[in-house]
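Below you'll find the structure, written out as structure tokens, and then a few comments.
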Amino acid sequence: MSIRIMVSLENTIFTAGDILKGEVMIASSNIITEILEIIINLKVLENVVLEGKRESYVFYNTNYKIYDRKQLIQTSIDKGLTIPFQIILPYDAPGTYNGHYAKCLWTLRVKVILKGNKEIIKEIPFIVLPHPQYIES
């Protein structure tokens with residue numbers, strides 16, 4: 001059995017505080033019997049290089065369960081599943097940047113947890129601009 005995950009976002013650029021809207025599409029020949037739950041992880045990670053050493057700082061890291069086994073059993077699924085989602089981006093998180101000594105990346109990770117301790121992960125980066133209230137003049 002093969003399971004394929006696709007993720008689409010309504011936009012490619014967001015502002016902190018916006019609603020991140022999208023869909024998770026899962027294509028499979030036998031989806032109900034194997035999937036236990038589906039989780040979205042939203043992460044903001046800053047990587048900094050100081051004096052030749054790389055350090056990472058997590059600004060935001062939260063999981064959202066968007067589907068579980070109980071919902072799957074109650075859903076009529078033939079060959080696939082499409083799950084819309086909406087997540088409010090934090091207002092005070094930094095925007096995406098990629099500088100000489102530091103970069104800040106936003107990623108959306110979809111994790112499909114299967115029976116037998118198996119996981120399928122799809123991760124996509126996206127761009128977030130800082131909320132106007134937090135831009136220094």
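For the reader, a short list of remarks on this structure follows.
- Selection of the stretch 84-137 for residues being closer than 16 Å to Val44 by Cα and assigned to a loop (DSSP other than H, G, I, E, B) yields Leu89, Pro90, Tyr91, Asp92, Ala93, Pro94, Gly95, Thr96, Gly99, Pro130, His131.
- Checked against (1) charged (D, E, K, R); (2) surrounded by 11 or more Cβ atoms within 10 Å (Cβ to Cβ); (3) out of contact with any Ser or Thr (no Cβ under 7 Å at 6 or more places or on another chain), Lys43 passes all but a single condition, namely (3).
Every number here is computed from the coordinates shown, using simple stated rules; none is lab data. Computed from a predicted model, the values in this text were never measured in an experiment. Every residue, glycine as well, gets a Cβ built from its backbone with ideal geometry; the counts of neighbours run over all protein chains shown.
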